[in-house]
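Visitor: First the structure, then my questions, so here it is.
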Amino acid sequence: MHIQEDSHTTGVDGENARWRLAVASGILGWVLDAFDFFVVIFLFDTLADHLLVQKRAIVWTISITLAMRPVGALLFGALADRFGRRKPLIVCVLYFSTITILTGFAPNFMFFAAMRALYGIGMGGYWGVGASFAMENAPRNLRGILSGIMQGGYPFGYLLAAVAMQTIRPWLGWRALFLVGSLLAVIIVVLTALSPESEAWKLHRMGSVGNIFRVLFQHKRSFAYLLLVMVVMSCLSHGTQDLYPDFLKSMAWLKAKTILGLDPLFGIPILYNIGAIAGALFFGHLSERFGRRRALIAALIVSLFSIPAWAFGGSLLVLALGSCFMQTGVQGAFGVIPAHLNELSPDAVRSIFPGFAYQLGVLVASPAVGFEYILRDHLGYARALTAFELVVILSLVIIFALGPEKRGRSFLVKSGQHSLQSE
């Protein structure tokens, strides 16, 4: 059955209008995280020239960033489960924003690589805390759509990075791209400071960090499933996004084209990130009505059927449509993830459990981009991307079809009590 909300209930059920501030801070933080990450994707050549290294070295720093994210998930997740969501979230935003600014002024490659590693800690710390903060404060009947909105912040940050390359960079230079996010960071800090602390955290708070890790170990089977999900989901997203601008750049015939008056290298990412945002919202909402797993599988099928146009499009229109539908499916699936992972997580460790599974999955999948880049040398870009994503998408369909679901479970039920579930 589907759980309907009583508009007069309290805490996570929504009487306090300030829950919107908590959700907004979670969304905007993920936007900022993505913007700071994808700026580097668009600056491969510029950074390689500036730092006097081969482009391959800059590509390698992506894996460094992804590999450090579990460290942040453990650190900030444990702090959030022990001391509440708000303060660790504020510290995390200020931390990774400062590191991003320093990255823009890197005097050499070693400093740049170190900053990207330190940035990975902040990026990894934010999602688990921000997602639990948003999902625990959100009304249950809006959890699916708000999950989609939050995860839609990631492609929106990607989109903003593409827009900034066409607007801010020509005007202020490439270093400015590492500075502009600090303005949004200030807004996020204010929103978080004004937000209510999670009532679910207050109910299930742990007495010590040691107890938090004991609970984490006690649910190792559930954790193993979430880890598997996030390993393959990370391959899906980074495998379709991180090298795609470089793939477009490899097509000589695209250089004479424009789309929406823009260079296709930036115009196509803008379009496919609009599709990604729409997908996250649509499939997030769909998951509230038809279930998390069904929505996830439906989104994956959209991506599966987009592969021919996405990888082999012979015209600008076909390529743009293929990439748009690909990211509609990819981020449509990710739009369900914040709600799905939080609902499958133990109450007492709802920041560290999904956050660490998410980021450890990213770590395990971090060689994927480098593997695709090597595969390109043997198969060509189009075939390499196709082969990799076919395996990933079909694997995910099986994983979700056989996996668990707890759509609509209450976060305000003490351990030992039974919560209503829709599945």
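The values are calculated or read from the model by the stated rules, or taken from the named source; none is laboratory data. A quick note: this is a predicted structure, and the numbers were derived from the prediction, not measured. With ideal geometry, Cβ positions are generated from the backbone for all residues, glycine too; neighbour counts draw on all protein chains shown.
Visitor: Can you name the helices (runs of 4 or more DSSP H) wholly within region 200-288 that have at least 2 residues being of a type in the set (Gly, Ala, Ser)? Steps first, answer last, please.
Guide: Values: elements: 209-218, 220-241, 244-249.
Helices (runs of 4 or more DSSP H) meeting the threshold: 220-241.
Visitor: Considering only residues of region 30-63 that are among the acidic types (Asp, Glu) and crowded, with 18+ Cβ neighbours inside 10 Å, which is farthest from residue 338 (Cα to Cα)?
Guide: Residues of region 30-63 among the acidic types (Asp, Glu): 33, 36, 45, 49.
Still in the list and also crowded, with 18+ Cβ neighbours inside 10 Å: 33, 36.
On the way: 33: 16, 36: 21 Å.
Of everything passing the filter in region 30-63, 36 is farthest from residue 338 (Cα to Cα).
Visitor: Determine, yes or no, whether residue 149 is touching a Leu at 6+ places or on another chain (Cβ under 8 Å), in a helix (DSSP H, G or I) and surrounded by fewer than 24 Cβ atoms within 10 Å (Cβ to Cβ). Spell out the reasoning first.
Guide: Details: touching a Leu at 6+ places or on another chain (Cβ under 8 Å): yes; in a helix (DSSP H, G or I): yes; surrounded by fewer than 24 Cβ atoms within 10 Å (Cβ to Cβ): no.
No.
Visitor: Let me ask another. Tell me which residues, restricted to region 77-90, are buried (at least 17 other Cβ atoms within 10 Å of the Cβ) and either farther than 16 Å from residue 352 by Cβ or not acidic (Asp, Glu) (or both).
Guide: Once the filter is applied, which keeps residues that are buried (at least 17 other Cβ atoms within 10 Å of the Cβ) and either farther than 16 Å from residue 352 by Cβ or not acidic (Asp, Glu) (or both), region 77-90 yields 77, 78, 79, 80, 82, 84, 85, 86, 88, 89, 90.
Visitor: Quick check on my filter: what residues within region 320-360 are closer than 22 Å to residue 37 by Cα and surrounded by fewer than 24 Cβ atoms within 10 Å (Cβ to Cβ)?
Guide: 324, 360
Visitor: Give the residues of region 199-223 that are surrounded by 15 or more Cβ atoms within 10 Å (Cβ to Cβ) and either at pLDDT 80 or above or hydrophobic (A, V, I, L, M, F, W, C) (or both), sorted by residue number.
Guide: 199, 200, 201, 203, 206, 212, 213, 215, 216, 219, 222, 223, listed by residue number.
Here is a yes/no grid of residues against (1) modelled with pLDDT of 85 or more; (2) in contact with a Lys or Arg (Cβ under 6 Å, 6 or more places away or on another chain); (3) part of a helix (DSSP H, G or I); (4) of a type in the set (Ser, Thr, Tyr):
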{"position": "6", "(1), (2), (3), (4)": "no, no, no, no"}
{"position": "15", "(1), (2), (3), (4)": "no, no, no, no"}
{"position": "23", "(1), (2), (3), (4)": "yes, no, yes, no"}
{"position": "30", "(1), (2), (3), (4)": "yes, no, yes, no"}
{"position": "48", "(1), (2), (3), (4)": "yes, yes, yes, no"}
{"position": "90", "(1), (2), (3), (4)": "yes, no, yes, no"}
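Visitor: Taking the conditions exactly as written (touching a strand residue (DSSP E or B) at 6+ places or on another chain (Cβ under 9 Å) and part of a helix (DSSP H, G or I)), does residue 320 satisfy them or not? Steps first, please.
Guide: Values: touching a strand residue (DSSP E or B) at 6+ places or on another chain (Cβ under 9 Å): yes; part of a helix (DSSP H, G or I): yes.
Taking the combined requirement at face value, the residue satisfies it.
Visitor: Of the residues that sit in region 91-108 and are among the hydroxyl-bearing types (Ser, Thr, Tyr) and within 19 Å of the chain's Cα centre (by Cα), which one is surrounded by the most Cβ atoms within 10 Å (Cβ to Cβ)?
Guide: From region 91-108, those among the hydroxyl-bearing types (Ser, Thr, Tyr) are 95, 97-98, 100, 103; that's our starting set.
With within 19 Å of the chain's Cα centre (by Cα) added as a condition, the list becomes 95, 97, 100.
Details: 95: 19, 97: 25, 100: 29.
Within region 91-108, the match that is surrounded by the most Cβ atoms within 10 Å (Cβ to Cβ) is 100.
Visitor: List every residue pair whose Cβ atoms sit under 6 Å apart, with the two residues 6 or more apart in sequence or on different chains, where the first one lies in region 279-306 and is on the phi > 0 side of the Ramachandran plot and the second, anywhere, is buried (at least 20 other Cβ atoms within 10 Å of the Cβ) and at pLDDT below 95.
Guide: These pairs meet every condition: 291/407.
Visitor: Turning to a different aspect of this structure: Please work out if residue 96 is in contact with a Cys (Cβ under 7 Å, 6 or more places away or on another chain) and touching a residue at least 60 places away in the same chain (Cβ under 8 Å). Outline the logic, then answer.
Guide: Numbers: in contact with a Cys (Cβ under 7 Å, 6 or more places away or on another chain): no; touching a residue at least 60 places away in the same chain (Cβ under 8 Å): yes.
So residue 96 fails the test.
Visitor: Could I ask something else about it? Before we move on, is residue 292 crowded, with 24+ Cβ neighbours inside 10 Å, in contact with a His (Cβ under 8 Å, 6 or more places away or on another chain) and modelled with pLDDT of 90 or more?
Guide: Details: crowded, with 24+ Cβ neighbours inside 10 Å: yes; in contact with a His (Cβ under 8 Å, 6 or more places away or on another chain): yes; modelled with pLDDT of 90 or more: yes.
When the stated conditions are applied, residue 292 passes them.
Visitor: Here are some conditions: (1) modelled with pLDDT of 85 or more; (2) surrounded by 24 or more Cβ atoms within 10 Å (Cβ to Cβ). Residue 185 meets all but one. Which one does it not meet?
Guide: Unmet condition: (2).
Visitor: On the basis of being assigned to a helix (DSSP H, G or I), touching a residue at least 60 places away in the same chain (Cβ under 8 Å), in contact with a helix residue (DSSP H, G or I) (Cβ under 9 Å, 6 or more places away or on another chain) and of a type in the set (Gly, Ala, Ser), does residue 333 make the cut? Before you say what the answer is, go through the steps one by one.
Guide: Working: assigned to a helix (DSSP H, G or I): yes; touching a residue at least 60 places away in the same chain (Cβ under 8 Å): yes; in contact with a helix residue (DSSP H, G or I) (Cβ under 9 Å, 6 or more places away or on another chain): yes; of a type in the set (Gly, Ala, Ser): yes.
Criteria met by residue 333.
Visitor: Now, a different point. So residue 177 fits all but one of (1) of a type in the set (A, V, I, L, M); (2) without any contact (Cβ under 8 Å) to a residue 40 or more places away in the chain; (3) under 25 Å from residue 56 (Cα atoms); what number is the exception?
Guide: Of (1) of a type in the set (A, V, I, L, M); (2) without any contact (Cβ under 8 Å) to a residue 40 or more places away in the chain; (3) under 25 Å from residue 56 (Cα atoms), only one is false for residue 177: (2).
Visitor: Further, regarding this structure: Report, by residue number, each residue of region 229-273 that is under 16 Å from the mean Cα position of the chain (by Cα) and of a type in the set (A, V, I, L, M).
Guide: Passing the criteria: 229, 230, 231, 232, 233, 236.
Visitor: Counting only residues that are without any contact (Cβ under 8 Å) to a residue 12 or more places away in the chain and of a type outside the set (A, V, I, L, M, F, W, C), which one in region 55-93 is farthest from residue 190 (Cα to Cα)?
Guide: 55
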